[in-house]
Amino acid sequence: MQSNYKTLGDYITPIKVKNKDLRAKDLLGINIDKFFMPSVANVVGTDLSRYKVVEKNQFACNRMHVGRDYRIPIALSDKDEPFMVSPAYDVFEIKDTSVLHPDYLMMWFSRAEFDRNAWFYTDADVRGGLAWDAFCNMQFPLPSPEKQNEIVAEYNTVKNRIALNNQLIQKLEETAQAIYKQWFVDCEFPDENGKPYKSSGGKMVWNEELDKEIPECWDNGAISDLVDVIDGDRGKNYPSIEEMSTEGHCLFLNAGNVSKNGFNFSETKFISEEKDSILRKGKLERNDVVLTSRGTVGNTGFYGRRVPYNHIRINSGMVIFRPKNFNETSIFIYSMLRSFEMKKSIKNFLSGSAQPQLPIKDLVKIPIIIPDLDVLKLFHKIAIKLQNHVDEKKLQNSNLKNLTSLLLSRIVTFEN
């Protein structure tokens, strides 16, 4: 063991404060990304006085499933108010924060190497529990308090920047959806004088197929009137797990890469250029829109010019929407698929019980409004700028997360 490594149990002490006076109101759990989150447990009729209380700068962890999950859920509270956690969780705090900074220890817990080491110490139980004594016997590097503060400050600077970017991304996406709703649901797009169409006296007509009023110059139709719907490759050419790697020529999307918030490239798999050339269908082109059509149906991603991968293929649980005549329809389709109205329509067309799915033959039947082309072009001009800004911030966050990994690795080289 290196001389600068210390035994964890010498610096922490367990806390077993129960919520006897019910002063803690919120019940939280811990996710595998090591954050506290609202608990999904049903506590109706449960005696909450048995639950453990967590105060600010205290840790909570769940040691029960480390062997199964290959990670130990553990988090540090930064909340001013106390909250509850499950009685099965461990709560502990640092004995002397002038010697060991809580944020520095949380950084150590966040390292992938810590999780691998914790997995090594798990017992032979089916779930792979980690005994408290084994947890306390784990080793960690302990630099001077000054060096800890320096490392924590750098790490928090990056984390705060990621948080600010996430807030901006949310605002940009909310703005895009608000404009979509105002123009294509409320029919208040700018008229020839730049005023809201419907409220300024724009002529509206009743549309039987859509069962609502629409602008006189608009029409109704189906998604297939604006885009080609393309599925992914299947059969013997479909990539196997063995043919995928963490690096390669072509990104092969998995379910986690297309979320309710657009593309998410935090975990990626790739196929070789040779395998990519064999596949016949399902390769993205810029301005394509991706929709998950099996499992979690309705998540979408927009393949704009700022997405940092030049070769992407969908898996068999997704479909591609490719503009037929005008690229200006792509961001409209993307916004429409993310709207409340379309998500409601999609639910009505789902089939399957064990695993919901939306077959292409049903997808192309969903009725949609088809706006005037000039309005589509104007919406594209506004919405694509917002989307490009979103993609830029997501790319920044991806780079910043790589930087956090470097900062976490610096813990074991703090002498330098």
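The values are calculated or read from the model by the stated rules, or taken from the named source; none is laboratory data. Worth saying up front: this structure is predicted, and the values here are computed from it rather than measured. Note: ideal-geometry Cβ built from the backbone for every residue, glycine included; neighbour counts use all protein chains shown. The protein model used for the area step is the full one, side chains on, heavy atoms only, and it has no ligands, DNA or RNA in it. Shrake-Rupley method; radii C 1.70, N 1.55, O 1.52, S 1.80 Å.
The alpha-carbon atoms of segment 74-173, seen along their principal axes, cover 49, 37, 29 angstrom, with the largest extent given first.
Using only the C-alpha atoms, the convex hull of segment 132-251 corresponds to 353 Å³ per residue. Potential lengthening of the chain between H311 and D96 amounts to 72.2 nm, from the contour at 0.36 nm per residue minus the alpha-carbon distance.
One decimal place: the segment C136-D228 gains 27.3 nm when fully extended, by the rule 0.36 nm per residue minus the C-alpha distance. Normalised Debye scattering of the chain at q = 0.07 Å⁻¹ gives log10 I(q)/I(0) of -0.47, counting only Cα atoms as equal scatterers and leaving out solvent.
For the chain, with all protein chains present and a 1.4 Å probe, just round the carbon and sulfur fraction of the accessible area to a whole percent. Percent of accessible area from carbon and sulfur atoms in the chain: 49.
Comparing P82, F135, V412 along the charge dipole axis of the chain, the residue lying farthest to the positive side is F135, per the Cβ-charge model. Most tightly packed first, judged by the mean number of other beta-carbon atoms within 10 Å of their residues, the peptides 74-82, 54-62 read 54-62, 74-82.
Under Stokes-Einstein, with the Kirkwood radius over Cα pairs as Rh, the value for segment 305-416 at 25 °C and 0.890 mPa s is 139 µm²/s. Note that segment 161-205 presents 59 Å² accessible area per residue, ligands and nucleic acids not counted, probe 1.4 Å.
Once both labels are positioned 7 Å from their Cα atoms along Cα-to-Cβ, the gap between A112 and F326 label points is 4.6 nm. Relative to the longest principal axis of the chain, what angle (0 to 90°, nearest 10) does the C-alpha long axis of helix 145-180 take? In the chain, helix 145-180 runs at an angle near 20 degrees to the longest axis. Around the amide H of M318, modelled in the peptide plane, lie the amide H atoms of G232, S293, all under 5 Å away and 5 or more residues distant in sequence or on another chain.
Sorting the segments 167-173, 102-108 by their mean number of nearby beta carbons within 10 angstrom, highest to lowest, gives 102-108, 167-173. Each of the peptides 312-322, 112-122 was scored by the mean count of other Cβ atoms within 10 Å over its residues; in descending order, highest first, they stand as 312-322, 112-122. The Rg/Rh ratio for segment 179-333, using Cα coordinates for both the radius of gyration and the Kirkwood hydrodynamic radius, is 1.09.
Rounded to the nearest 10 degrees, the inclination of helix 340-349 to the longest alpha-carbon principal axis of the chain is 80 degrees.
The slack in the chain from K56 to D374, taken as 0.36 nm per residue of separation less the alpha-carbon distance, amounts to 108.9 nm.
Here's the picture: charge each Lys and Arg Cβ at +1 and each Asp and Glu Cβ at -1 in segment 27-105, and of L105, V54, I30 the one pushed furthest to the positive end of that dipole is I30.
Once the Cβ-Cβ distance of S144 and A354 is raised to the sixth power relative to R0 = 60 Å, the FRET efficiency obtained is 0.60. Counting Lys and Arg as +1 and Asp and Glu as -1 over every other residue whose Cβ lies under 11 Å from the Cβ of N397, the net charge comes to +3. Pairs of C-alpha atoms in segment 1-128 farther apart than 27 Å represent 20 percent of all such pairs.
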